[in-house]
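As structure tokens, the structure follows; a few thoughts come after it.
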There are 4 protein chains.
Amino acid sequence: MCSRPAATPPTGPGRPGRPRSAAADTAILEATRAALVELGWSKLSMSDVATRAGVAKTTLYRRWAGKNELVVDAVAVLFDELELPDRGSLAADVEGVVRQFAALLERPEAKTALMAVVAESTRDEPLRERIRTSIVERQKRLVLQGRARAQARGELPPPAEGQEGGGTADGTDDLIFDVIAGAVVHRALVSGEPVDREWARRFTALLLGGLAAVSPD
Amino acid sequence: MCSRPAATPPTGPGRPGRPRSAAADTAILEATRAALVELGWSKLSMSDVATRAGVAKTTLYRRWAGKNELVVDAVAVLFDELELPDRGSLAADVEGVVRQFAALLERPEAKTALMAVVAESTRDEPLRERIRTSIVERQKRLVLQGRARAQARGELPPPAEGQEGGGTADGTDDLIFDVIAGAVVHRALVSGEPVDREWARRFTALLLGGLAAVSPD
Amino acid sequence: MCSRPAATPPTGPGRPGRPRSAAADTAILEATRAALVELGWSKLSMSDVATRAGVAKTTLYRRWAGKNELVVDAVAVLFDELELPDRGSLAADVEGVVRQFAALLERPEAKTALMAVVAESTRDEPLRERIRTSIVERQKRLVLQGRARAQARGELPPPAEGQEGGGTADGTDDLIFDVIAGAVVHRALVSGEPVDREWARRFTALLLGGLAAVSPD
Amino acid sequence: MCSRPAATPPTGPGRPGRPRSAAADTAILEATRAALVELGWSKLSMSDVATRAGVAKTTLYRRWAGKNELVVDAVAVLFDELELPDRGSLAADVEGVVRQFAALLERPEAKTALMAVVAESTRDEPLRERIRTSIVERQKRLVLQGRARAQARGELPPPAEGQEGGGTADGTDDLIFDVIAGAVVHRALVSGEPVDREWARRFTALLLGGLAAVSPD
DNA sequence: CGTTAACCGAGACGGTACGTCCTGTCTTTAG
DNA sequence: CTAAAGACAGGACGTACCGTCTCGGTTAACG
């Protein structure tokens with residue numbers, strides 16, 4: 001829920017030595033987002049971020065292993081803003097999450113950073129894990145929350161025995177998540193078309209129509 | 001269909017001076033793919049590619065503006081292999097295209113390059129255009145081809161008047177394409193889960209089920 | 001005669017607060033000499049010395065202003081060992097001091113440090129003064145002592161009136177000191193040739209022969 | 001006689017690739033001398049020299065392995081100016097060379113650099129060799145030249161059989177060189193006293209007086 | 001059959017960023 | 001007040017690529 005640099009040292013109190021500056025952390029992450037907006041991922045440099053944040057390069061490298069890790073943390077906080085207000089029906093909730101996610105992808109710092117770090121993560125397992133916990137899980141939460149709400153409303157059948165705790169064993173949540181997130185990202189970043197109200201409506205219709213076909217059996 | 005470096009000079013046969021070496025082109029593109037496999041996108045360097053291809057750096061820059069353009073051309077040929085064998089039903093065809101696209105994404109040169117160039121393209125319109133014509137349209141072709149085949153089979157209603165030439169005005173083709181490509185990419189590269197037969201079957205069911213709900217109007 | 005860090009505070013016993021650790025001083029100076037032997041002047045770092053001595057960097061800077069001052073103190077103690085045993089004649093005494101000084105210059109900590117601090121002192125007057133009192137005067141003492149002994153033996157004319165206290169007003173002591181120290185250092189460090197018995201013998205002959213020519217007037 | 005960076009590549013004329021810029025060489029060496037005057041040895045940095053010379057750091061490192069080698073070449077040219085005008089007598093010639101060498105040591109770029117590179121050379125054999133050929137031999141030449149001239153005048157006995165070509169087998173030249181150079185350097189840089197006419201006169205008297213004592217046998 | 005113009009390899013060039021190291025200061029807890 | 005620990009701003013290090021340039025030397029089509 002909170003964005004912590006997740007660096008190695010125990011950070012416990014009573015530890016010897018000068019403690020790390022919390023102000024530096026926030027200054028760095030803000031500077032990173034600002035640099036992403038101005039320069040984009042590939043022209044963002046650690047030196048530049050350090051200068052913007054009024055911080056020494058050492059201070060960056062003490063906390064993050066490199067550009068990838070830093071950027072993941074910098075954009076992760078954007079995903080904390082994602083929420084799922086109850087709009088009264090499953091369809092409205094899906095449309096809401098689609099529009100909300102699309103709005104996030106419109107922000108230039110997210111647009112340039114997200115695909116880039118995912119691309120890097122294809123050759124860097126720890127980075128992939130970091131992305132998963134910092135970003136992907138934050139999104140997926142909305143899907144789970146939406147399903148639970150629809151089940152409470154009676155729009156979807158109640159959870160099977162033994163799965164009250166969360167996930168479904170059959171991977172339908174995963175499938176739905178991949179379809180929603182994938183379609184929105186593809187529309188926004190690859191096709192380069194706007195995710196407007198009309199598209200969201202049609203996409204939601206397709207998804208919910210399909211859901212009826214796939215899940216009952 | 002064929003991969004042409006698309007550099008500026010007219011390439012006309014009646015041009016004076018020594019013509020460009022065609023062997024160099026293929027050597028460079030092969031070297032680029034090899035370097036992508038070995039090093040991944042971010043550690044691939046023009047110098048390295050030049051060395052691998054036994055070519056001077058000048059020769060690279062005479063043909064491509066930079067790393068992005070070179071890599072797009074290098075991976076674009078992979079998409080020429082995509083085909084849509086007639087498997088007898090719309091469902092089977094969709095499953096086929098899903099599996100085929102997933103297989104492509106398993107190849108390390110594609111995995112590391114695709115998301116990276118898309119990320120770059122968020123701040124580089126000419127690059128986005130190049131990606132669209134070299135890669136995205138090649139994929140989309142399969143969707144159009146599949147729809148036409150299903151319409152021929154009678155699984156889908158025939159095209160409306162005036163749209164025999166290709167696209168539908170309502171954007172359903174685009175929607176379907178974003179859903180298929182997006183979901184597969186997200187499953188493979190973000191969630192990091194395999195696109196196996198079972199997943200393809202369930203995804204196809206969802207898609208075709210939804211299609212019935214969205215298109216009949 | 002003894003090596004004191006010569007830092008500012010009065011060191012009085014009735015002073016408040018925790019007194020400085022004397023053990024730290026010696027540990028630091030030993031660590032400095034060890035680092036000089038291993039790494040040489042230019043690769044020696046304050047951080048490294050602190051680590052070797054098991055001491056915090058702060059403790060170093062509390063006592064010495066920087067690398068230069070620390071190294072001067074660290075090698076100064078080596079010059080305390082210089083002595084001038086009475087070998088019975090002026091020539092033998094000169095040979096003795098030449099060999100002894102040469103032996104000192106063979107020690108790796110002295111070899112790498114001496115020229116370096118002198119080089120630094122060309123742009124740092126306080127450092128030059130520190131070198132003079134800590135090192136140069138210690139060497140010069142031997143020259144004065146040798147002259148006095150030779151005068152006592154009658155090998156040299158007795159001191160003129162009014163100069164019993166030490167130096168001669170005409171600067172002959174300075175000249176001799178520059179010639180002896182300069183020649184030995186140049187032979188050892190610049191020419192890179194050994195200061196062996198034969199060279200010492202020939203040098204002494206030259207010096208004493210010249211002394212007869214320059215001083216009698 | 002001329003100062004060449006003495007870098008590895010053969011510099012042959014029919015060599016492939018763009019040739020090295022001669023202008024860069026001279027700009028770099030001049031910038032190095034200027035930086036030595038302004039900042040002194042220890043605060044001189046490769047980055048700064050590059051900036052002053054309007055040259056990339058790479059260009060420096062292509063030609064010189066590091067600060068030491070660069071500085072040796074930069075100050076070596078100063079020693080090309082050393083000459084031994086015929087002043088009519090051996091004593092006058094010695095005084096001349098002493099004053100000339102002292103004048104060189106007064107120049108701030110030489111003062112700060114000479115001892116420093118010699119200090120570094122105590123742990124770096126190739127550097128010592130470079131200093132020997134670039135600097136020391138240039139000085140020693142004057143001693144040999146002075147001896148030959150004195151022999152021609154009849155002030156010194158003619159060279160023994162078989163040594164017409166240059167050096168004497170007994171090392172007297174070396175001894176004299178170490179005494180002259182060592183004494184002047186020590187006076188100027190360690191004692192910090194001026195090498196004035198009076199000191200030069202007294203030193204010459206000592207040297208020549210001693211020479212009579214050491215060489216006749 | 002020689003011009004000629006564009007090609008090719010090689011590699012130096014001015015830059016920028018990298019990630020590491022060290023400096024000298026500051027801030028914490030402990031004695 | 002000192003000590004150990006360690007974070008801090010700053011800056012140099014030496015390396016790697018970037019994209020451009022300047023060379024000597026091909027290699028075709030044109031005249």
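The values are calculated or read from the model by the stated rules, or taken from the named source; none is laboratory data. What you see is a predicted model, and the numbers here were worked out from it, not measured in a lab. Every residue, glycine among them, receives a Cβ derived from its backbone with ideal geometry; neighbour counts consider all protein chains shown.
Per-residue answers, yes or no, for (1) in the same structural domain as residue D:120 (by TED's automatic domain parsing); (2) charged (D, E, K, R):
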| position | (1), (2) |
| --- | --- |
| D:14 | no, no |
| D:17 | no, no |
| D:26 | no, no |
| D:43 | no, yes |
| D:49 | no, no |
| D:52 | no, yes |
| D:82 | yes, no |
Query - All positions within the stretch B:50-64 that are loosely packed, with under 15 Cβ neighbours inside 10 Å and within 11 Å of DNA strand F (Cβ to nearest atom) - result: B:51, B:56, B:57, B:58, B:61, B:62
Report summary line: The correct count of residues that are in contact with an Asp or Glu (Cβ under 8 Å, 6 or more places away or on another chain) and surrounded by fewer than 19 Cβ atoms within 10 Å (Cβ to Cβ) in the stretch C:105-142 is 1
Requested in this report: For the stretch A:125-134, state whether one or more residues are out of contact with any strand residue (DSSP E or B) (no Cβ under 9 Å at 6 or more places or on another chain), assigned by TED's automatic domain parsing to the domain that holds residue A:187 and small (Gly, Ala, Ser).
Outcome: yes
Requested in this report: Check the stretch B:87-104 and report whether any residue there is more than 16 Å from DNA strand F (Cβ to nearest atom) and of a type in the set (S, T, N, Q).
Outcome: yes
Requested in this report: Collect the residues in the stretch A:177-196 that are within 8 Å of chain B (Cβ to nearest Cβ) and either part of a helix (DSSP H, G or I) or crowded, with 24+ Cβ neighbours inside 10 Å (or both), keeping them in residue-number order.
Outcome: A:177, A:178, A:179, A:181, A:182, A:183, A:184, A:185, A:186, A:187, A:189, A:190
Query raised in the report: In the stretch A:24-49, what residues are surrounded by fewer than 20 Cβ atoms within 10 Å (Cβ to Cβ), within 11 Å of DNA strand E (Cβ to nearest atom) and part of a helix (DSSP H, G or I)?
Result: A:39, A:46, A:47, A:48
Query raised in the report: In this structure, is residue D:69 under 23 Å from residue D:179 (Cα atoms) and either touching a residue at least 60 places away in the same chain (Cβ under 8 Å) or over 17 Å from the mean Cα position of the chain (by Cα) (or both)?
Result: no
Report summary line: Quick count over the stretch D:10-45, residues being more than 14 Å from every other protein chain (Cβ to nearest Cβ) and near DNA strand F (Cβ under 9 Å from one of its atoms), is 5
Query - Residue match in the stretch B:58-67 (condition: over 24 Å from residue B:133 (Cβ atoms), in contact with a Pro (Cβ under 7 Å, 6 or more places away or on another chain), part of a helix (DSSP H, G or I) and not assigned by TED's automatic domain parsing to the domain that holds residue B:120) - result: no
Requested in this report: Scan A:150, A:91 and give me the residue that is within 27 Å of residue A:196 (Cα to Cα) and either crowded, with 19+ Cβ neighbours inside 10 Å or more than 12 Å from every other protein chain (Cβ to nearest Cβ) (or both).
Outcome: A:150
Query raised in the report: Yes or no: residue D:84 closer than 18 Å to residue D:34 by Cβ and in contact with a helix residue (DSSP H, G or I) (Cβ under 6 Å, 6 or more places away or on another chain)?
Result: no
Query raised in the report: In the set A:75, A:117, which member is modelled with pLDDT of 95 or more, within 12 Å of the chain's Cα centre (by Cα) and within 16 Å of DNA strand E (Cβ to nearest atom)?
Result: A:117
Report task. Take the residues in the stretch C:77-99 that are outside any helix (DSSP H, G or I) and in contact (Cβ under 8 Å) with a residue 60 or more places away in the chain, then tell me which one is farthest from residue C:151 (Cα to Cα). Result -> C:82
